[in-house]
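The values are calculated or read from the model by the stated rules, or taken from the named source; none is laboratory data. Treat the numbers as computed from the prediction; the structure is a model and nothing was measured. Here the Cβ positions follow ideal geometry from the backbone for every residue, glycine too, while neighbour counts run over all protein chains shown.
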Amino acid sequence: MREYLAQLIAESGTLTAQEIVLHITASAVLSAAIYISYWYTHAGTAYSKKFNVSLVSLTILTATVMTVIGNNIALSLGMVGALSIVRFRTAIKDSRDTAYIFWTIIVGICCGVGDYLVAGVGTAIVFLVLLFLGRVRNENRILLIIRGAKDQGEKMERLVFSYFNKRALLRVRNTTAEHTELIYEMPRSVWQTNYQKDMDIADALYALGGTEYVNTVTQSDEISG
């Protein structure tokens, strides 16, 4: 019985047991580079340990599937049909995560068909690119929200206009019979000029009289988990 099972394992598909182990081991080794790259480029609040481990698992699983499919067209169609049933509902927190998912799938496919050179060279180049560019972040925007007496609206606009060198963009103006609310948007670099003034913008607005509140909100395109 043992000999029969050993023979089945050794003659599994068109590949030998050694080739299967080599395919899956190569994918595991290359997935380590993906793991390190994701850890480095996502250091901070956006980093997810679970997602990083999933990338490693996805690489190995893709290589395993490709090893099973091989050159069998019928099997590949059946596998695609079976996998198409799966629906993923997890939201992508960072647009770079999509690139990492594709990276793991491509490495898994290359290792699964035994094309280690393509997998290795591609992984090395992508790793270097992300090493230098992976820490690039969108500059946070600042929202300045001001609410005050309606008859002070023009004074508040002139003050903000002069304070930020005309670079604060008025996004919203809400008015009632008694009040005016202004919402300005500006890059953080422009907001920094506020601290170079003798008086903070909030204090300057309150000094006008009739200002009810001044709120500042940091806005970013990236979602932290």
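Checked against (1) under 29 Å from the mean Cα position of the chain (by Cα); (2) not in a strand (DSSP E or B), residue 153 passes all but a single condition, namely (1).
A single member of 159, 130 is surrounded by 11 or more Cβ atoms within 10 Å (Cβ to Cβ), outside any strand (DSSP E or B) and at pLDDT 85 or above, and it is 159.
What are the residues in the range 100-114 that are surrounded by 15 or more Cβ atoms within 10 Å (Cβ to Cβ) and either touching a Pro at 6+ places or on another chain (Cβ under 9 Å) or not hydroxyl-bearing (Ser, Thr, Tyr) (or both), if any? Residues satisfying the conditions are 101, 103, 105, 106, 107, 108, 109, 110, 111, 112, 113, 114. Annotation: residue 122 fulfils all but one of (1) closer than 30 Å to residue 39 by Cα; (2) at pLDDT below 85; the unmet one is (2). Taking the range 187-225 as the range and being at pLDDT below 85, surrounded by 14 or more Cβ atoms within 10 Å (Cβ to Cβ) and aromatic (Phe, Trp, Tyr) as the test, only 191 passes. So, of the residues in the range 164-186 that are over 16 Å from residue 215 (Cα atoms) and not hydrophobic (A, V, I, L, M, F, W, C), which turns out to be surrounded by the most Cβ atoms within 10 Å (Cβ to Cβ)? The qualifying residue surrounded by the most Cβ atoms within 10 Å (Cβ to Cβ) is 167.
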